[in-house]
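> Just passing along the structure, written as structure tokens.
Read-outs throughout are calculated quantities, based only on the coordinates presented, and are distinct from any laboratory measurement. All of these numbers come straight from a predicted model, not from anything done at the bench. Heads up, the Cβs are rebuilt from the backbone with ideal geometry, glycines too, and the neighbour counts pull from every protein chain shown.
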Amino acid sequence: MNLSIALCYDSKEEYLAAGHSKLEVAEFDDEGVIAGLEGALTRLGNRVERVGSGRSLAARLVAGQRWDLVFNFTEGLRGRGREAQVPALCELFDQPYTFSDPVTCGVTLDKAMAKRIVRDTGLPTPGFMVIRTLDDAKMLSLDGPMFVKPLAEGSSKGVGAYSIV
């Protein structure tokens, strides 16, 4: 292929060393995964540059650096739109990138929004309710057992045996 590729990722080790908690970095990748991606892209004949986080990418894009492709493997750290941050940066700077666009990333991270879209296309989906307050929980009208999970987390973050109620 011989492309110049910026490898963007969120390194679990780097964020832990910077003082973030294990919970905050639960979705991030370890060095073995990052090295595996870098190796696979290199074996395909590409020139791979490790860029790292969305903030690192932003600084380089502002400085004028460009690649044939950004390989986006980031999760983002903060906010409901965190998985959309790198795709949005790439679009802002007209930088080609891999995987989903910012809208898709934002919609799919919000489980209720994604379920509404799936349901509205006519596909069957189990009932659900978004509970934001204790009063919401008191109005619960779904029969158990139920599976409780965070609204805007991915990679099974916040999900365990305790989620079945």
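> If you stretched the chain out fully between residue 99 and residue 114, how much longer would it get, using 0.36 nm times the residue separation minus the C-alpha to C-alpha distance?
3.7 nm
> For the chain, calculate the relative contact order in percent as a whole number, restricting contacts to Cα pairs under 8 Å that are 6 or more residues apart.
Normalised by residue count, the contact order of the chain is 20 percent.
> If I histogram all Cα-Cα distances within region 1-84 using bins 5 Å wide from 0, what percent of pairs lands in each bin?
Bin by bin from 0 Å, the calculated values are 3, 15, 24, 23, 19, 11, 4, 1.
> Between residue 129 and residue 63, what length comes free when the chain is fully extended (0.36 nm per residue of separation minus the Cα-Cα distance, one decimal in nm)?
Difference between extended and current length: 19.3 nm.
> So for the chain: antiparallel DSSP bridges make up what percent, rounded to the nearest 5?
10
> With no solvent and one point on each alpha carbon, what is the Debye value of log10 I(q)/I(0) for the chain at q = 0.11 Å⁻¹?
Rounded to two decimals, the profile gives -0.57.
> In the P(r) worked out for region 111-163, what percent of Cα pairs fall beyond 16 Å?
52
> Calculate the length of the line joining the C-alpha centroid of region 144-165 to that of region 39-99, in whole Å.
30
> Another question, then. Return 108, 133 ranked ascending by Cβ neighbour count within 10 Å, so the fewest neighbours appear first.
Listing 108, 133 from fewest to most nearby Cβ atoms yields 133, 108.
> Shifting gears a bit: I need to check one value: relative contact order of region 111-163, counting alpha carbon pairs closer than 8 Å and at least 6 residues apart, in percent.
Relative contact order for region 111-163 comes out at 28 percent.
> Can you pull the one-decimal nm distance between simple spin-label points at residue 91 and residue 107, each 7 Å off the Cα toward Cβ?
Calculated label separation equals 1.1 nm.
> Working out 0.36 nm times the residue gap between residue 149 and residue 136, then minus their Cα-Cα distance, what length gain in nm do you get to one decimal?
3.2 nm
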